[in-house]
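Since every read-out is calculated from the coordinates, none of them should be taken as a lab result. These numbers come from a predicted model, not from an experiment. Virtual Cβ from ideal backbone geometry, glycine too; neighbours counted across all protein chains shown.
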Amino acid sequence: MQLKFITHIKYRRILFSVNDNFLTTDVKMDADINYCIQVPENINNALNEFYTLLVDLKQPLDTIWENIYYRTRSEISSFLNNQQFEHKILTNPSDKELDEFISLFNDFAKHKNIRKAEIFRLKAFLQNKILSISYIKQNNNFICINFYRLTKQRAANLSSFHLKHLYEKDYSASYFGRAHRVLHWLDIKAFKTMEADYYDFCGWYNGTEDKDLLNINKFKEQFTQTKVKEYSGVIYKNKLLATLKKLK
């Protein structure tokens, strides 16, 4: 698969035009809503610091593997050697497939009391052929799923979730943890083969109070210690939206 080198897409969200600018300072600001996503500079001093962890996929695969925490490597190897499962990456999912995975994510989000999927953005990524979805399936059940914005620059892990709340009577909590680690590893291998430059975990919590986010940090840090600071935020050109933001 030939990956796109792309840093901008434009789409509509109901009444408003939207720019998504990512990984670039060459940002487009001609829409009502202009997102700057993990850009290297603080554009107009209007963005927030954003930290993330990267795996350099240009390294030899053996080096990437050796940089993973040794106990994590052991868990991955055990799962690969002892479980029957299906791993797949959909690099060009159909509208129907996307809707199915969005439904699964929204069910997970409801269970976790977090924000639902950004449907407009995911469908814009799909239209621009930069959306990928990976999963591990066992006994015809989805176990864990990843959403990606996949470009030459990065395989950016937008969302990563499991379906433990649906199958907690069938599988142990540790099983889901192992399966989730395996999913990331197999995705890393696949995206290296596709010649993406980096695998991006898309977020590292730069705080000390939220225990759930700190636990997510620990999970990601098992794969890499390479942390970078970037900037993310939104700049409104629509006067009504800009006013509402100020009021908020």
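Cross-link pairs exceeding 28 Å in C-alpha to C-alpha distance, out of Lys110/Lys189; Lys88/Lys164; Lys129/Lys192; Lys58/Lys211; Lys116/Lys137, comprise Lys110/Lys189; Lys58/Lys211. Under 5 Å between amide hydrogens, which residues at least 5 positions from Ile143 or on another chain qualify, with H placed 1.01 Å from N in the peptide plane? So Ile143 has HN proximity to Ile136, Lys137, Gln138.
In order along region 67-79, the Karplus-derived 3J(HN,Hα) couplings, from 6.51 cos²θ - 1.76 cosθ + 1.60 at θ = phi - 60°, round to 7, 7, 3, 4, 5, 5, 4, 5, 5, 4, 4, 4, 5 Hz, and Gly and Pro are given as x.
The order of the peptides 16-25, 54-63 by mean Cβ neighbours within 10 Å, most packed first, is 16-25, 54-63. For Ala117, nonlocal amide neighbours, meaning residues 5 or more places apart or on other chains whose placed amide H falls under 5 Å from its own, are Asn106. Given the C-alpha centroids of region 1-32 and region 212-238, what is the distance between them in whole angstrom? Taking the Cα centre of region 212-238 as reference, the centre of region 1-32 is 20 Å away.
Stretched out straight at 0.36 nm per residue, the stretch from Lys116 to Asn42 would grow longer than its current Cα-Cα span by 23.9 nm.
Using alpha-carbon positions, what is the distance between the centroids of region 52-97 and region 129-161, in Å? That distance is 11 Å. The base-10 log of I(q)/I(0) for region 52-228, evaluated at q = 0.16 Å⁻¹, reads -1.04 [Debye formula, identical scatterers on Cα atoms, solvent excluded]. Of the Cα atoms belonging to region 1-120, the radius of gyration and Dmax stand at 19.1, 53 Å.
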